[in-house]
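Right, one structure below, let's go through it.
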Amino acid sequence: MPWVITRLCTDCLDTGCVSVCPVDCIYEYIGPDKAQFRNQLYINPDECIDCGACEPECPWQAIFEAPAVPELFADDTELNRKVVDLSDQFKIKTFQATEHPTPEQVAENKRKWGLNPDA
Ligand code: SF4
Ligand code: SF4
């Protein structure tokens, strides 16, 4: 069962997830359709080996195992799958350290996307 990066990653890109993925299956979008593909990272579901190593590394709590993706973010699972369908429009992301968010920023980001931060 692959893992999914959701919209909670948008504009974060600290790439903590990338630094631990043993199979380099986390990608950024480099194609022209910026309206559909937000500025976030995406997991190739066919390459993900379901190790779960990325999830605890994500300071924005943006990564979920496919069955646990919040209903509100259901479309994000399909967007991650596009890495397979549109492989020429994605490239493997390399590590790029940034500052981690505060708990308040993480909660505010969840609220922004309609998620209850206490759920
Ligand atoms: S679950 Fe493992 S293989 Fe899949 S994206 Fe995360 S770190 Fe990579
Ligand atoms: S660690 Fe989380 S928020 Fe940061 S790039 Fe990876 S999925 Fe996005």
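Worth pointing out:
- Rg followed by Dmax, in Å, when the chain is reduced to its Cα trace: 13.2, 38
- Seen from Q36, the other residues with C-beta closer than 15 Å to its C-beta sum to a net charge of -1, counting Lys and Arg as +1 and Asp and Glu as -1.
- Isolated Cys in the chain, by beta carbon distance under 4.7 Å: C9, C12, C21, C25, C48, C51, C58
- Dividing the mean sequence gap of close Cα pairs (under 8 Å, 6+ apart) by how many residues the chain holds gives a relative contact order of 38 percent.
- For the set K34/K82; K34/K93; K82/K110, the pairs lying more than 19 angstrom apart at their alpha carbons are K82/K110.
- Peptides 40-50, 91-101 ordered by packing proxy, namely the average of other Cβ atoms within 10 Å per residue, highest first: 40-50, 91-101.
- Inter-label distance for T102 and E65, nm, one decimal - labels placed 7 Å from Cα along Cα-to-Cβ: 3.4 nm
- Computed about its Cα centre, the charge dipole of the range 3-109 is approximately 240 debye, with only Lys, Arg, Asp and Glu carrying charge at their Cβ.
- Between the helical axis of 74-85 and the longest alpha-carbon principal axis of the chain there is an angle of about 20 degrees.
FYI, it's all coordinate maths here, none of it is from the lab. This one's a predicted model, so the numbers in the text were calculated from it and none came from an experiment. Reconstructed Cβ throughout: ideal geometry from the backbone, glycine too, with neighbour counts over all protein chains shown.
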